[in-house]
Each structure stands twice: as C-alpha cells, then as structure tokens.
Amino acid sequence: CFFSLLPTCIWFMDSSFVLRPPGHSRICPSIKSLLNVKWLKRPGPTTDEVVKCGVPSILLKVLGFSIWGSSQISYYGSITIGTPPQTFQVLFDTGSANLWVDSVYCNTQACNAHTKFNSTKSSTYSSTTKTFYISYGTGSLYGIFGYDSVNVSGIVIKKQIFGLSTNEPGQTFLQAQFDGILGLSYPSIAAGQATPVMDNMMQQGLLQDNLFAFYLSRNGQQGSEVAFGGVDSTKYNSQIYWSPVTSQTYWQIEIKGYGLFCGCQAIVDTGTSFLTCPQQYMGYLMQAIGAQADQFGGYYVNCNANNLPTLSFNINGVNFPLPPSAYILVVSSNWHTQAIQPLWILGDVFLKEYYSVYDRANNQVGFAQAV
Ligand SMILES: *[C@@H]1O[C@H](CO)[C@@H](O)[C@H](O)[C@H]1NC(C)=O
Ligand SMILES: *[C@@H]1O[C@H](CO)[C@@H](O)[C@H](O)[C@H]1NC(C)=O
C-alpha cells in the first residue's frame, strides 16, 4: 500500500484560516542543493517473513531512517569543507543544530565506513581544544570542534565552526549513507554553543532572504532539494500557509485539531523519517486509524484496506490532510513502535506531502502543497 495511488487529496480549509504573509513581496532566487535519495535495505528476518502494513507513527528520532523498519529512506546532499575542498554527504536536518562530519581522528567501524575530514590537508582550518558529545536518540558521537570554510552549493561560509568526530560508538552511523549532519535548528540547542551554519550564512550576508526550504520527493525518486535564501516555486502548487514558531529551539509550532489532539506542540523535522506522536496519544491515533496492536507493540492495518482515514493536521487554522498512502508503510518484519519524546514530530511522511519553508527572519514555518 505504500506505493498505491494517491487518493484524491482533499484540500480543505476552515473559513477562519489565517494567512500570514511571508514578509517577502517577491519570489527570490534561491540557491538549491539537490539531495540524494537512497533506499537502505536492511537484512530482513530469515524466518517468519511476512509482509505487514505498519503504521509508522511512533519512532525515535533516528536520523533520517528508522532502525525498526525494513526499508528506510534518508535525504542527504553534498557539501565541501576546507581548502582545497573535501566533499561530504550530509543529512540536512531541521531537528538539530550542529554541523559535524567524520574525521581522521575517529577509527570506529562507523567512521571507517565513511569519508573522513583530514584537517592537515586544509590550509584554512583552525583547530580548537573544545570537545563535544551529541546524542540523537539511538545514535551518539563524540568530537572536537574546528573552524574552516564550508561550501554549501556555492554559498561559501567562512570560519564555520563544525565538529570533527572522534568516536562514534554503535551501529547507528555505520548504516547511514551520509558522513555527517548539517543541523538547521536554532542556535539555542546547538551542542557547545557552536554557531549553526544558517546563523553564519545570515551574519555573513550570504542569503537574499534569511530562510531555507525543503522539497522531499516521494517513493524514493530523485529531485528532492533544499533551497537557501529563497523558495523554489516550481516545487509547490498552493499558497504558502505560515505558522509562528512557538519555541526557538527546534522548528516548533502548534498543531490543533484532529479531534482529541488539541493544542499540541510539534516540531518540523526533516531528520525524522516518520510521523511521531507522544505516547499518551498513540492509542487514540491508532484507534482512529483502525490499526491493530500486536504483542510486540507494533500496529498494523490490512494492506488492502481502502477505508483508512485521511489524517488532518490543523496548523494555524489551515487543515493539512495526510492520506493513508502517505502514512502507511509496507514492512516485512515485526514493526516496533516506541515513544520517548513529548512532542509530535512532523517528519518526512508529512514533509513529502507539503513543501516546507523555515523562515528565520520572521520566525515562522510555511507549508504548501508539494508538487
Ligand atoms: C592527513 O593528511 C596528511 C597530509 O596530507 C597525511 O600525511 C596524513 O596521512 C593524512 N591522515 C590520514 C589519517 O589519512
Ligand atoms: C563552491 O561549490 C560550488 C559547487 O557547488 C563551486 O562551483 C564553487 O566553485 C565552490 N566555491 C568555492 C570558493 O570553493
């Protein structure tokens, strides 16, 4: 059912919707960075393999892919660091604020499987003695900060602080297709008070407008992109509906509606594959979907069910429907769900349906119907 045709997407809105103008009177040229899309197939179970339809609602934040699912997707793109440039694949993550890449200081299995930054090869590098630790739910790493030039699709940031990994324990990053993470959250949640890439872009006057925007392709197709400094109007076909940021930490907004779920806080996170909800809402949500729980805590629906509801998220007075084709995933093994965080996360499941704009100048998030 994951690949079934999109049901007619009902684009309805309350009469009371508030349209917040973006504060930009013109469509600005943006600098786009194409993101690669890769399916990562995990080895499935050797016995008892059954195809089930899981509802990927509640998962840990696991960096663009799920450790529980049988097939995962992550969106990442190229940047260069240093002079001459060393190229890295990074996850563009609106759910964290630090830039880090693998480095030659790290010799764990996860680091050795990836491209590593070698600071002695860069004439513009300057070192620090400041170390850091970052935990991302299931994955964590240790590192040391340094400064160097960073080139994001032609936007060249001077003296960008970034992390060079020194230890990546565990399996999480071993399976990742990317060599590091480029965090796009607010500076308040950056480890080591390291200035995020976006803040340096703004301070160094590198952007036409102080915003960035994501288009995430569906079904593993190419064409996903992140745009800095403007929006790409070829990637959406409705107006942009804005919602104020309620806490300048993550890209946190308020969602209302959907029956029982009133006045919840949600974060908009390109680094989370799915849609997550707080534990206390899980039962209600699964009941609304009609999913059955199994003894392992997984939730399933019949793959052939054609009467599944369209979920609707009311964000600042506008309803954003999410059809079953967007939230149902075919899984080939037992599906586990787990909730550890108190927030809803609008992850890639939502962001594939809606083009998203992250406006630092006006501290608001915009959504429009993705093409
Ligand atoms: C880092 O680069 C230097 C200078 O080119 C080289 O001598 C050294 O072997 C490199 N280190 C690693 C671990 O590749
Ligand atoms: C930055 O990267 C772009 C390609 O994305 C390249 O054309 C440009 O020359 C680079 N600029 C610098 C200063 O390295």
Inset, instruction - Tally the residues that are in contact with an Asp or Glu (Cβ under 9 Å, 6 or more places away or on another chain), β-branched (Val, Ile, Thr) and within 14 Å of ligand 1 (Cβ to nearest atom), restricting the search to region 109-125. - result: 1
Legend entry - Residues (more than 16 Å from ligand 2 (Cβ to nearest atom), of a type in the set (Val, Ile, Thr) and surrounded by 13 or more Cβ atoms within 10 Å (Cβ to Cβ)) located in region 102-127: VAL104, THR108, THR115
Inset, instruction - Could you check how many residues of region 144-167 are crowded, with 18+ Cβ neighbours inside 10 Å and within 16 Å of ligand 1 (Cβ to nearest atom)? - result: 6
Inset, instruction - Mind counting the residues in region 133-159 that are in contact with a Phe, Trp or Tyr (Cβ under 7 Å, 6 or more places away or on another chain), closer than 21 Å to THR172 by Cα and of a type in the set (Phe, Trp, Tyr)? - result: 2
Inset, instruction - Filter region 128-157 down to the residues that are polar (S, T, N, Q) and within 16 Å of ligand 2 (Cβ to nearest atom), then identify the one that is modelled with the lowest pLDDT. - result: SER153
Inset, instruction - Identify the single condition in (1) within 16 Å of ligand 2 (Cβ to nearest atom); (2) under 30 Å from VAL365 (Cα atoms); (3) among the small types (Gly, Ala, Ser) that ALA97 does not satisfy, given that it satisfies every other one. - result: (1)
Inset, instruction - Would you check if LYS130 is touching a Phe, Trp or Tyr at 6+ places or on another chain (Cβ under 9 Å), touching a residue at least 60 places away in the same chain (Cβ under 8 Å), surrounded by fewer than 18 Cβ atoms within 10 Å (Cβ to Cβ) and not polar (S, T, N, Q)? - result: yes
Inset, instruction - Inspect region 144-154 for any residue being touching a helix residue (DSSP H, G or I) at 6+ places or on another chain (Cβ under 9 Å), closer than 21 Å to ARG360 by Cα and of a type in the set (Val, Ile, Thr) and give the result as yes or no. - result: yes
Legend entry - Which numbered condition PRO187 misses (of (1) surrounded by fewer than 19 Cβ atoms within 10 Å (Cβ to Cβ); (2) within 16 Å of ligand 2 (Cβ to nearest atom); (3) not hydrophobic (A, V, I, L, M, F, W, C)): (2)
Inset, instruction - Check region 71-81 and report whether any residue there is free of Cβ contacts under 8 Å to residues at least 12 places away in the same chain, among the polar types (S, T, N, Q) and out of contact with any helix residue (DSSP H, G or I) (no Cβ under 6 Å at 6 or more places or on another chain). - result: no
Legend entry - Which listed residue is more than 16 Å from PHE92 (Cα to Cα), among the small types (Gly, Ala, Ser) and outside any loop (DSSP other than H, G, I, E, B), from SER243, SER238: SER243
Inset, instruction - Confirm whether LEU141 is of a type outside the set (Val, Ile, Thr), surrounded by fewer than 18 Cβ atoms within 10 Å (Cβ to Cβ) and either farther than 21 Å from VAL268 by Cβ or more than 16 Å from ligand 1 (Cβ to nearest atom) (or both). - result: no
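The values are calculated or read from the model by the stated rules, or taken from the named source; none is laboratory data. Since the model is a prediction, treat every value here as computed from it, not as a measurement. Cβ coordinates were reconstructed from backbone atoms using ideal geometry, including for glycine residues, and neighbour counts include every protein chain displayed.
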